Amino acid sequence: MSPFPSFLSATFRILISIVITMIGLLLITFFIGRVMPIDPVLSIVGESASRATYDEAYIRLGLDKPLIVQFFNFLIDVFRGDFGESLLTARPVSQDLIRVFPATLELATVGTIIGVLVGVPLGVIAAVKQGTWFDHVARVVALIGYSMPVFWIGLIGLLVFYGILGWVGGPGRLDIFYVDMIPSVTGMILIDSLLAGDMDIFWNAVSHIMLPAGLLAYYSLAYISRMTRSFMLEQLEQEYITTARVKGLSEHTVVWRHALGNVKVQLVTVIALSYAGLLEGSVLTETIFSWPGIGLYITTALLSADMNAVLGGTIVVGLVFVCLNILADLLYKVFDPRAR
């Protein structure tokens, strides 16, 4: 039997799942925007506006229509990529999101890479050395990563490594002197500086991203190491591991090739969820470090009652989370033939 029909069926199910998930996300986002104790009309016209001006803006925004009609119009605008106009920047929210999202993507990507490179080996070694001092230290490190407030670690990090020691750059993505000195190709300064061949800007960007990315990496590796340790402990108790050792295979081969090879499927999902979490959960980190990404954009918009920007940013974050989950499911099927 040809696998093509089953592939089409699986693709159709995935598309239906995406559509249902997105409509649910948009529904929740829409009604949150309606129940927020913020009047979008007053945000536009100001509190000193006349009643006639208020009513005109109220009708122009479509708030006089039934909720179901408002939601339908909201769906049409979103699927066209129209999130309205930001009150703060006086530009379309979609343009603002395109401008700020690469900064968040750069920060979360660097944090995830560090988290994976440190978290996976840490979890593997902790599982192999279960019950030893190394295992206890690794578990304490993961526990602290889960327990410590982000804002507290961020402020302490700025005080120690920037204010006292001067080892890293301060808030922001670059020193003021380097701002707008290279063309923006990807929106990610590390890549754009390399494309422009300007190593001074590259290393300045590295000094600025090191501390916030390290903070996100710590939370990422805490989760990844904990899950890796759990997966490895389960695999190390399996019969095929005993068989491999009886055959005379080295411990390095047994652990890093056979046991770790069998947990890579679960790790794909864990890493994808961790990456998505950094993309959507870096609000406090971006606020502390004045990192001009989507988290800081949403926070500033919320404090200024700019609901178009808040809802647009929330939708984009939700869409990214959904896409990464679907990507993890697809990779799961690639790495594990049993799931196909």
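The values are calculated or read from the model by the stated rules, or taken from the named source; none is laboratory data. Quick caveat, the model's predicted, so the values are computed rather than measured. Please note: Cβ atoms are built from the backbone with ideal geometry, for glycine as well, and neighbour counts cover all protein chains shown.
Give the number of residues within segment 101-124 that are surrounded by fewer than 22 Cβ atoms within 10 Å (Cβ to Cβ) and within 24 Å of G81 (Cβ to Cβ).
4
Report, by residue number, each residue of segment 298-322 that is in contact (Cβ under 8 Å) with a residue 40 or more places away in the chain and under 14 Å from the mean Cα position of the chain (by Cα).
G313, T314, I315, V316, G318, L319, V320, F321, V322
Which numbered condition trips up G172, out of (1) over 25 Å from the mean Cα position of the chain (by Cα); (2) of a type outside the set (D, E, K, R); (3) not in a helix (DSSP H, G or I)?
(1)
Is it fair to say D135 is under 30 Å from I315 (Cα atoms), charged (D, E, K, R) and either surrounded by fewer than 17 Cβ atoms within 10 Å (Cβ to Cβ) or out of contact with any Pro (no Cβ under 8 Å at 6 or more places or on another chain) (or both)?
Answer is no for this residue.
For I153, indicate whether it is touching a helix residue (DSSP H, G or I) at 6+ places or on another chain (Cβ under 8 Å), within 18 Å of L221 (Cα to Cα), surrounded by fewer than 18 Cβ atoms within 10 Å (Cβ to Cβ) and in contact (Cβ under 8 Å) with a residue 40 or more places away in the chain.
Answer is no for this residue.
I'm checking my understanding of the structure. Among residues of segment 78-93 that are closer than 11 Å to G312 by Cα and not polar (S, T, N, Q), which one is surrounded by the fewest Cβ atoms within 10 Å (Cβ to Cβ)?
My answer is G81.
Would a scan of segment 193-214 turn up a residue that is under 30 Å from V137 (Cα atoms), in contact with a helix residue (DSSP H, G or I) (Cβ under 9 Å, 6 or more places away or on another chain), of a type in the set (G, A, S) and assigned by TED's automatic domain parsing to the domain that holds T269?
For segment 193-214, residues under 30 Å from V137 (Cα atoms), in contact with a helix residue (DSSP H, G or I) (Cβ under 9 Å, 6 or more places away or on another chain), of a type in the set (G, A, S) and assigned by TED's automatic domain parsing to the domain that holds T269: present.
Which residues, taken from segment 159-172, are surrounded by 14 or more Cβ atoms within 10 Å (Cβ to Cβ) and over 17 Å from P292 (Cα atoms)?
F161, Y162, V168
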